[in-house]
1. Filter region 72-83 down to residues that are assigned to a loop (DSSP other than H, G, I, E, B) and surrounded by 13 or more Cβ atoms within 10 Å (Cβ to Cβ) and give me whichever is modelled with the lowest pLDDT.
2. Has region 84-96 got at least one residue that is assigned to a loop (DSSP other than H, G, I, E, B), among the charged types (D, E, K, R), under 30 Å from TYR23 (Cβ atoms) and at pLDDT below 90?
3. Can you say whether GLU52 is closer than 30 Å to LYS6 by Cα, touching a Leu at 6+ places or on another chain (Cβ under 8 Å) and among the charged types (D, E, K, R), as far as the supplied structure shows?
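The values are calculated or read from the model by the stated rules, or taken from the named source; none is laboratory data. Everything numeric in this text was worked out from a predicted model, so none of it was measured. Cβ atoms come from the backbone with ideal geometry, glycine included; neighbour counts cover every protein chain shown.
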Amino acid sequence: MSRKKKYIEKLTSDQKRSLEQGYKSGKNFSFRRKCHGILLSNQMKSVTELAEFFGVSTQSIYNWLKVWEVQGIKGLRLKPGQGRPAKLSLEDDNQVKIVKTLVENEPKNLKRVVSQLKTELNIDLSKKTLKRFLKNLDTNGNVFVAD
């Protein structure tokens, strides 16, 4: 016995516009993908076709459709706390202070900074993660670190 075919049949012009905007310029990949999925469902693409197209399970597609019906576009966005927690936090003044001190002492050798962070904070991270953290730390976008 198969499931009843499910589609998003009726979209207002405002809903369509907001989904298209989310699909084209949403900041998060998963949000853009969900917006695209809802738009394709409105074009009568089946759940199986959508699952194949996006490379996810049919259950994921059913979840997207259900969230859309209940919460609208706000439900498609990622909620805080989803995803992997950050290894370093901008809000933790102790971590920020230690990282700044270590980088000021060793601005040309980030590998050494990474190993010192491992011993001082017991945080295992890569050089690339440290660079991202430093970039976020400096609000102007100017990273004061050389490669």
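1. Taking region 72-83 first, the residues assigned to a loop (DSSP other than H, G, I, E, B) are 77-83.
Filter once more, so that each one left must be surrounded by 13 or more Cβ atoms within 10 Å (Cβ to Cβ): 77-78.
Numbers: ARG77: 91, LEU78: 83.
Per the stated criteria, the residue is LEU78.
2. Applying the first criterion (assigned to a loop (DSSP other than H, G, I, E, B)) to region 84-96 yields 84-92.
Subsequent filtering for residues that are among the charged types (D, E, K, R) retains 84, 87, 91-92.
So of that shortlist, the ones also under 30 Å from TYR23 (Cβ atoms) come out as 84.
Those left that are additionally at pLDDT below 90: 84.
Checked against the condition, which is being assigned to a loop (DSSP other than H, G, I, E, B), among the charged types (D, E, K, R), under 30 Å from TYR23 (Cβ atoms) and at pLDDT below 90, region 84-96 yields at least one hit.
3. Details: closer than 30 Å to LYS6 by Cα: yes; touching a Leu at 6+ places or on another chain (Cβ under 8 Å): no; among the charged types (D, E, K, R): yes.
When the stated conditions are applied, GLU52 does not pass them.
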